[in-house]
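K.L.:
Provided herewith is a single structure, encoded as structure tokens, for subsequent inquiry.
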Amino acid sequence: MLKKNEQFLQIGADGRRSQVYLALSTAAEFRDHLSTFSDYYASLGPPNPENLPEDGKLKSEMMTKDNRRYYLDLKENARGRFLRVSQTITRGGPRSQIAIPAQGMIEFRDALTDLLEEFGTSDGGYKGDLPEERHMKVDNKNFYFDIGQNNRGVYMRISEVKSNFRNSITVPEKCWARFRDIFNDYCEKMKKTSDSPSSITAENNQVPTSNNILK
């Protein structure tokens with residue numbers, strides 16, 4: 001699957017797993033690397049199962065964009081040759097990756113070129129330095145806070161990751177202050193509740209009297 005998602009290109013096997021996101025400018029760089037990898041693949045002889053590379057890698061490149069790194073590895077194993085594309089977020093963020101069969105790199109590059117010709121290679125949006133991502137672990141869940149940008153402006157993506165489960169929401173920058181105020185309001189209300197549990201318990205367990213009913 002290769003499709004445009006706002007100002008990003010989304011590459012993945014399906015809509016939920018094994019997804020890699022590329023800014024349009026990075027997608028253009030990726031397209032150029034695909035040409036280089038395809039030429040190198042064409043120059044290789046037939047696979048030899050008896051002479052596989054020790055780490056499986058035939059050729060590697062790396063791309064960087066803001067707080068993301070992309071690793072491109074042309075690999076070979078007993079099943080054949082393929083291009084593995086891995087996306088990581090600096091300082092311990094989640095890692096996602098996809099695999100493209102080596103013989104399909106040219107077709108993939110051509111499809112990517114068509115998208116770039118339609119949508120261009122400009123990322124648009126805010127041009128300043130974006131804050132670094134943040135990470136928080138609670139019990140067996142991980143929460144990631146990533147700042148990105150598109151033609152609509154800056155946004156925060158909040159991701160909940162647990163084993164093979166991942167769910168995300170996106171909050172535009174213009175809503176951050178209101179988002180914070182709502183969280184603060186809930187925190188204050190829960191703090192007041194937790195500070196006086198005995199009074200709340202007593203109130204909940206109170207048996208109505210005839211006087212109370214009459215009132």
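Readers should treat all values here as calculations from the given coordinates under stated rules, not as data from a laboratory. On a predicted model such as this, the values are computed, not experimentally measured, just so you know. As a convention, Cβ positions derive from the backbone with ideal geometry for all residues, glycine included, and neighbour counts pool all protein chains shown.
K.L.:
Going highest first, how would you order 131-140, 155-164 by mean Cβ packing within 10 Å?
P.N.:
155-164, 131-140
K.L.:
Further question: Could you work out how much longer the chain between residue 118 and residue 167 gets when fully extended? Use 0.36 nm per residue separation minus the Cα distance between them, nm to one decimal.
P.N.:
Fully extending the segment from residue 118 to residue 167 adds 14.7 nm.
K.L.:
Mind checking the dipole of the stretch 132-187: about its Cα centre, +1 per Lys or Arg Cβ, -1 per Asp or Glu Cβ, Debye to the nearest 20? Let's see the in-between values first.
P.N.:
Values: 10 positive and 8 negative charges, 29 e Å.
Dipole about the Cα centre, nearest 20: 140 debye.
K.L.:
Using only the Cα atoms of the stretch 132-187, build the gyration tensor, take square roots of its eigenvalues as a ≥ b ≥ c, and label the shape rounded, prolate or oblate: rounded if a/c is under 1.5, else prolate if a/b is larger than b/c, else oblate.
P.N.:
Taking the square roots of the gyration eigenvalues as a ≥ b ≥ c, the stretch 132-187 is oblate.
K.L.:
Let me ask you something else. Just to confirm a number: summing +1 for Lys and Arg and -1 for Asp and Glu over residues other than residue 55 whose beta-carbon lies under 13 angstrom from that of residue 55, what do you get?
P.N.:
Here the count lands on +1.
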